[in-house]
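The values are calculated or read from the model by the stated rules, or taken from the named source; none is laboratory data. These numbers come from a predicted model, not from an experiment. Cβ: placed from backbone, ideal geometry, glycine included. Neighbour counts: every protein chain shown. SASA here: full protein model, heavy atoms, side chains in, ligands and nucleic acids out. Shrake-Rupley method; radii C 1.70, N 1.55, O 1.52, S 1.80 Å.
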Amino acid sequence: RKQYAHNGLQLAKRFTLNKLENQRWTLNQQRDKAGSVKEAITKIDQYTAAVKNYDGDPAGLLGLEGSAARIYFKNHFNNIEWSGRRPRIKNDFVNSTLDIGYTLIFNVLEGLLNLYGFDIYQGVLHKQFYMRKSLVCDFVEPFRPLIDIQVKKAINLRQCKEDDFFIVNERYLLKWEKNTEYISFLMEPILEHKRQIFLYVQDYYRKFMKQADPEEFPMFQMV
């Protein structure tokens, strides 16, 4: 009942701020940062400030988050020629690999949210949409950089490459014989942070049931 009565704006801002914070941290980890990366960090800081001051419909936060994401991805995957992030379109091997990784962490979070009895279709940032598990989509946001870092690392190590995919209707699909290899390296950061992920969901549940102040809700810190 508390889920349905909550307008979600402050918690939606919390998820968005956590994601931006972790994207900033990810870019800041680059050695010998080029001017474009430093500029991207500055712009993400500006979007962070805009989110903090935002007072409209929660859906509007997705526009701010999306603008920051375009800058982030361009500068995170600066080790390859890449057209940018296009969710679920699978128009290249990088997007397809990111989709696989995000799906893995989505499934982990869905299981934990079900464990604590949440209605996973009732989101705060992602609103209800036919058959979309909106609350899980919310929870995935702060954890996406774990996959982003792992995919970039895998590309550098040649664990992830275009030859591992075949193309059907302009979509890059992973060859079945490569499934185990990809699941293995994409699960590494999830397993490494499994305790933090569990405690994040547990703490969110406790804070939600107490109707705590939004600033008291958990933030996932990249370390």
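Quick notes
- Structure-derived Kirkwood radius over Cα pairs in Å: which label, when the choices are [x] 19.1; [y] 17.6; [z] 18.3: [z]
- If you take all other residues with their beta carbon under 13 Å from the beta carbon of Asp99, and give Lys and Arg +1 and Asp and Glu -1, the sum is +4.
- Accessible area of the chain belonging to carbon and sulfur atoms, whole % at 1.4 Å probe: 51
- A cut-off under 15 angstrom between Cβ atoms defines the neighbours of Leu174, and their net charge, with Lys, Arg +1 and Asp, Glu -1, is -1.
- Taking a straight line from the alpha carbon of Lys152, these lysines sit under 20 Å away, with near neighbours fewer than eight places off in the same chain left out: Lys19, Lys33, Lys38, Lys74, Lys90, Lys161, Lys175, Lys178.
- Chain lengthening between Trp25 and Lys153 when straightened (0.36 nm per residue, less Cα-Cα): 44.5 nm
- Pairwise centroid distance, computed over Cα atoms, of the stretch 70-149 with the stretch 1-65, Å: 15
- Entry note, the chain: the mean residue ellipticity at 222 nm calculated from DSSP H runs of n ≥ 4, each adding -39500 (n - 2.57), is -19500 deg cm²/dmol after division by the residues and rounding to the nearest 500.
- Net charge dipole size for the chain [Lys, Arg +1 and Asp, Glu -1 on Cβ; Debye, nearest 20]: 160
- Remark: relative contact order (the chain) = 24 percent; criterion is Cα-Cα distance under 8 angstrom and separation of 6 or more residues.
- Longest DSSP-loop-exposure-free segment, chymotrypsin sites (Phe, Trp or Tyr not before Pro), the chain, at most 14 other Cβ within 10 Å: 1-115
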